[in-house]
Amino acid sequence: MKEGFYLKTLTHSEAGAGLHLFSVEQAHQIRAFHRTFPMYQPTPLVHLQETAKRLGLADVYVKDESKRFGLNAFKVLGGSYAIGCFLAEKLGLSMEQVSCQLLTAPETRERLGDITFITATDGNHGRGVAWTASQVGMKSVVYMPKGSAMERLENIRAAGAQAAITDMNYDDTVRLAGAHAREKGWVLVQDTSWEGYEEIPAHIMQGYCTMGLEAMEQLPQIPTHIFLQAGVGSMAGAIAGLFAARYGKKRPKVVIVEPNKADCFYRTAGAQDGKLHAVSGPMDTIMAGLACGEPCPLAWDVLKDYADHFISCPDYAAAKGMRMLGNPMPGDQGIISGESGASAFGCMAEILQNPALAHLRDEMGLNEHSRVLLFSTEGDTDRENYRAIVWDGKYPSPR
């Protein structure tokens with residue numbers, strides 16, 4: 001498949017998958033746990049009103065996750081909640097009884113003993129796991145795929161983990177982490193699922209509901225569209241599930257965005273054969289956080305029923321999103337957004353501004369009445385590459 005923009009639209013019956021894991025009631029309980037961390041603050045929802053006008057939309061809102069827990073990305077929400085759930089079970093407590101203060105108390109640490117958490121990551125998830133493990137006095141081991149940025153590796157080490165970059169792609173690095181967990185008796189905290197490994201990935205997905213609940217409360221009205229970038233799909237599945245659970249038939253249209261070189265959800269949606277379709281090989285996209293070839297089955301169970309459109313897009317769309325968010329129309333607040341964080345915004349903007357893509361805009365129903373919500377899931381977690389793209393014009397649009 002050539003580099004470009006490709007759209008697959010799904011039609012849904014009224015009946016869909018159960019959403020009990022992502023109910024608003026569950027989201028409130030999950031956020032109650034996150035609120036026990038002293039550094040918790042809701043991240044800003046930035047209203048890009050003038051930029052929306054320029055794009056031909058009614059409104060654009062972007063949730064800025066670079067402000068999350070001082071870690072420059074949203075991923076800590078999932079890792080911290082999953083680790084909290086695991087430790088709660090070890091203590092024989094419900095999550096309503098568990099807090100950061102309880103988990104960091106010396107007597108709790110003594111009762112739990114030594115535990116090592118392990119994960120594979122492109123950067124943000126591993127940093128969140130390492131940070132949480134350090135907060136509760138546990139050890140962590142983090143593996144990264146070939147080509148990972150050294151800055152992201154050093155940030156993970158600074159958060160307290162033993163970390164290394166492998167010579168494998170993301171999916172093989174996940175398998176390596178799983179093998180080491182089994183061999184050494186460590187606890188795998190991975191943000192994708194497979195047969196026999198569903199509980200921790202489900203808790204990670206639930207953790208992201210805090211971000212979605214905040215957005216719901218910050219929005220002045222229901223959006224018409226939500227654009228969500230997908231790697232393994234855990235964040236996209238959680239947000240799509242939460243908004244479907246809250247709004248039912250009035251839910252916003254959900255648009256899933258992936259890089260051309262790692263578009264496993266687009267391929268799965270296009271096949272419509274009841275099977276998951278993977279992408280193999282190096283997946284050398286600038287959207288490092290989305291360079292995942294195998295879709296999370298738990299996420300697909302939600303997205304197949306509650307996502308409306310799946311887009312495969314080129315790298316230059318993410319670069320465009322980074323530039324536009326950092327330099328919006330006068331009167332709008334700028335957002336520092338990394339390659340993965342800006343991907344959905346850049347994809348949307350290119351579709352709206354490129355006359356050759358007008359058919360995609362029309363198929364998704366984007367017009368002057370549309371109110372769009374997006375999530376900038378990371379800041380400049382690789383500052384050297386951020387400057388190369390935003391300052392030096394790396395990955396320009398071909399038109």
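The values are calculated or read from the model by the stated rules, or taken from the named source; none is laboratory data. All of these numbers come straight from a predicted model, not from anything done at the bench. No Cβ is skipped: glycine too gets one built from the backbone with ideal geometry, and neighbour counts run over all protein chains shown.
Some observations on this one:
- The set of residues in segment 246-262 that are without any contact (Cβ under 8 Å) to a residue 40 or more places away in the chain and over 18 Å from the mean Cα position of the chain (by Cα) comprises Tyr247, Gly248, Lys250.
- Segment 278-382 holds helices (runs of 4 or more DSSP H) entirely within its bounds, and those carrying 3 or more residues that are touching a Lys or Arg at 6+ places or on another chain (Cβ under 7 Å) and not aromatic (Phe, Trp, Tyr) map to 343-353.
- For segment 353-367, the criterion of a residue being surrounded by 14 or more Cβ atoms within 10 Å (Cβ to Cβ), modelled with pLDDT of 95 or more, closer than 15 Å to Arg323 by Cβ and in contact with a Gly (Cβ under 7 Å, 6 or more places away or on another chain) is satisfied by no position.
- Tally of residues being surrounded by fewer than 24 Cβ atoms within 10 Å (Cβ to Cβ) and closer than 14 Å to Pro295 by Cα across segment 247-261: 1
- Complete set of residues in segment 213-245 that are farther than 18 Å from Gly18 by Cα and within 18 Å of the chain's Cα centre (by Cα): Leu213, Glu214, Ala215, Met216, His225, Ile226, Phe227, Leu228, Gln229, Ala230, Gly231, Val232
- Selection within segment 103-125 - closer than 18 Å to Ala161 by Cα and acidic (Asp, Glu): Asp114, Asp122
- Residue match in segment 129-149 (condition: charged (D, E, K, R) and either in a strand (DSSP E or B) or surrounded by fewer than 16 Cβ atoms within 10 Å (Cβ to Cβ) (or both)): yes
- Helices (runs of 4 or more DSSP H) completely within segment 155-246 that count 3 or more residues being surrounded by 21 or more Cβ atoms within 10 Å (Cβ to Cβ) and at pLDDT below 95: none
- Whichever residue in segment 1-37 is part of a loop (DSSP other than H, G, I, E, B) and at pLDDT 95 or above and, among such residues, is nearest to Tyr247 (Cα to Cα): Ser23
- Matching residues in segment 30-53 - criterion: being more than 18 Å from Gln218 (Cα to Cα), surrounded by fewer than 17 Cβ atoms within 10 Å (Cβ to Cβ) and not hydroxyl-bearing (Ser, Thr, Tyr): Pro38, Met39, Glu50, Lys53
- Within segment 343-352, the residues that satisfy the criterion of being aliphatic (A, V, I, L, M) and either touching a strand residue (DSSP E or B) at 6+ places or on another chain (Cβ under 8 Å) or surrounded by 23 or more Cβ atoms within 10 Å (Cβ to Cβ) (or both) are Ala344, Met348, Ile351.
- Among residues of segment 266-284 that are assigned by TED's automatic domain parsing to the domain that holds Asp315 and under 17 Å from Ala307 (Cβ atoms), those with a Cβ under 7 angstrom from a residue that is exposed (fewer than 14 other Cβ atoms within 10 Å of the Cβ) and among the small types (Gly, Ala, Ser), sequence gap 6+ or separate chain, pair up as His277/Ala271.
- For segment 310-360, filtering for residues that are more than 19 Å from Ile226 (Cβ to Cβ) and of a type in the set (Phe, Trp, Tyr) leaves 1.
- Qualifying residue in segment 371-386 (condition: surrounded by fewer than 24 Cβ atoms within 10 Å (Cβ to Cβ), among the charged types (D, E, K, R), farther than 30 Å from Asn155 by Cα and modelled with pLDDT of 95 or more): yes
- Of all positions in segment 64-86, at least one carries a residue that is touching a Pro at 6+ places or on another chain (Cβ under 8 Å) and in the same structural domain as Gly233 (by TED's automatic domain parsing).
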